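Structure first, then comments.
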Amino acid sequence: MSRKVAVIGAGGWGTATAILLAKKGIDVVLWGRRPELTEHITATRENTDYLPGVVLPANIAVTSDLDAAVTDSNYIVLATPTKALRDTVGRMAPHIPGDAVAISMSKGLERSTLLRCSQVVAEVLGDEGQVAVISGPNHAEEVARDIPTATVAAAYDPKVAERVQDLFMAPKFRVYTNADIVGVELAGALKNIIALGAGVCDGLGFGDNTKAALMTRGIAEITRLGVAMGASALTFAGLAGIGDLIATCTSKHSRNWRAGHALGRGETLNDILERTGMVVEGVYTTEAAAQLAARQGVVMPITTALKEVLFEDKPPQLAVTELMLRDKTDEAEEDW
């Protein structure tokens, strides 16, 4: 059976995904919203803006025509920033084949609704049965260069998850399925908060002890929120949870870590976002997670502290001091 895949989003992760699939002999259309970028990629066979040094295989067509990209595609891979997801899916919806699988690779929460990305896609398309997600410790820079990587595919329909698993499985890209789509998505989104915190700690000049404590207590609090929202605690101990957390908190490739590092060194959030020129998903996920925690009655001290640093001008050093001086408790207590 021939397969045509449309990858929507020509950033680093979208480009890496297109390369991964094309190397399996699959015909791929890579869509980017900027014609100047797609024309440059077509001419040079390289995405120098987001993934320099990696050549695109010949069976990747590149376009800025959204309708043409998704028409007749069996799979629609959504690699757009969370904030652009609803509008992008809405624009392409009339042209998506009825039996196509939509695969969200975005790791965030919609700011206005607090919905997970798969919920946004299902709401726009009117059918959750054909919606899936991919999430895990998957830095684009490594996937595109065939560095061994593992990830998780989840869907509302287990058979759809297996189809996505088959689509992506490759000698250097191992895919596991997980029936817990809620946990897989929340793990991928919420770990960005902790990655921001890890960057702040490094920017302040703290050490390995600090980062280890932050990551451990961080996975505990995001698991608490996930379970309160219907996820399985085991998911947060897997690739989509602790696996992605480790990669994002410790890697030079992590955009969230870099933003946190700059905060710790004294830069303002506005300056960081302007200089970066790319979406830092963890920033607005922190705000959304704090709202969800309040709604669910879940205590998330690290998330709360970061929200105050990001949006209330609290000095990072003061936030750390207040976290360290919280009331003493048992490690297994639910509120810390």
Can you pull out every residue in region 59-109 that is assigned to a helix (DSSP H, G or I), over 13 Å from the mean Cα position of the chain (by Cα) and under 26 Å from residue 187 (Cα atoms)?
84, 86, 87, 88, 89, 90
Does residue 129 satisfy being in contact with a Phe, Trp or Tyr (Cβ under 7 Å, 6 or more places away or on another chain), free of Cβ contacts under 8 Å to residues at least 60 places away in the same chain and part of a loop (DSSP other than H, G, I, E, B)?
yes
First in region 141-167 and under 19 Å from residue 56 (Cβ atoms), second anywhere and modelled with pLDDT of 95 or more and aromatic (Phe, Trp, Tyr), Cβ under 9 Å, 6 or more apart:
143/13; 143/173; 146/173; 149/173; 167/75
Within the set of pairs 6 or more residues apart or between chains, which connect a residue that is of a type in the set (S, T, N, Q) inside region 39-58 to a residue that is surrounded by 11 or more Cβ atoms within 10 Å (Cβ to Cβ) with Cβ atoms less than 6 Å apart?
42/62; 47/15; 47/41
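Can you say whether residue 71 is within 26 Å of residue 157 (Cβ to Cβ), polar (S, T, N, Q), in contact with a helix residue (DSSP H, G or I) (Cβ under 6 Å, 6 or more places away or on another chain) and surrounded by 23 or more Cβ atoms within 10 Å (Cβ to Cβ), as far as the supplied structure shows? Write out each step before concluding.
On the way: within 26 Å of residue 157 (Cβ to Cβ): yes; polar (S, T, N, Q): yes; in contact with a helix residue (DSSP H, G or I) (Cβ under 6 Å, 6 or more places away or on another chain): yes; surrounded by 23 or more Cβ atoms within 10 Å (Cβ to Cβ): no.
Considered against the rule, which asks whether it is within 26 Å of residue 157 (Cβ to Cβ), polar (S, T, N, Q), in contact with a helix residue (DSSP H, G or I) (Cβ under 6 Å, 6 or more places away or on another chain) and surrounded by 23 or more Cβ atoms within 10 Å (Cβ to Cβ), residue 71 comes out as no.
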Got at least one residue in region 154-163 being outside any loop (DSSP other than H, G, I, E, B), modelled with pLDDT of 95 or more, in the same structural domain as residue 57 (by TED's automatic domain parsing) and under 26 Å from residue 283 (Cβ atoms)?
yes
Pairs please, first residue from region 278-303 and in contact (Cβ under 8 Å) with a residue 60 or more places away in the chain, second anywhere and among the aromatic types (Phe, Trp, Tyr) and assigned to a helix (DSSP H, G or I), Cβ atoms under 7 Å, 6+ apart in sequence or on different chains.
287/311
Residues (under 20 Å from the mean Cα position of the chain (by Cα) and either over 20 Å from residue 146 (Cα atoms) or not aliphatic (A, V, I, L, M) (or both)) located in region 1-46
6, 8, 9, 11, 12, 13, 14, 15, 17, 31, 32, 33
Would you say residue 80 is within 14 Å of residue 6 (Cβ to Cβ), in contact with a strand residue (DSSP E or B) (Cβ under 7 Å, 6 or more places away or on another chain), crowded, with 20+ Cβ neighbours inside 10 Å and among the polar types (S, T, N, Q)?
yes
What single numbered condition from (1) over 18 Å from residue 290 (Cα atoms); (2) surrounded by fewer than 22 Cβ atoms within 10 Å (Cβ to Cβ) fails to hold for residue 228?
(1)
Counted residues, region 23-48 - those being surrounded by fewer than 19 Cβ atoms within 10 Å (Cβ to Cβ) and in a helix (DSSP H, G or I)
8
Subset of region 30-74, residues in contact with a Lys or Arg (Cβ under 7 Å, 6 or more places away or on another chain) and aliphatic (A, V, I, L, M), comes to 54, 55, 56, 66
Qualifying positions in region 140-153 - part of a loop (DSSP other than H, G, I, E, B) and either outside the structural domain of residue 91 (by TED's automatic domain parsing) or buried (at least 21 other Cβ atoms within 10 Å of the Cβ) (or both):
144
Inside region 176-219, can you point out the residues that are without any contact (Cβ under 8 Å) to a residue 40 or more places away in the chain and aliphatic (A, V, I, L, M)?
179, 212, 213, 215, 219
Restricting attention to region 243-256, does a residue exist that is part of a helix (DSSP H, G or I) and of a type in the set (Asp, Glu)?
yes
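The values are calculated or read from the model by the stated rules, or taken from the named source; none is laboratory data. The structure displayed is predicted, hence computed values, not measured ones. We place every Cβ from the backbone using ideal geometry, glycine too, and count neighbours over all the protein chains shown.
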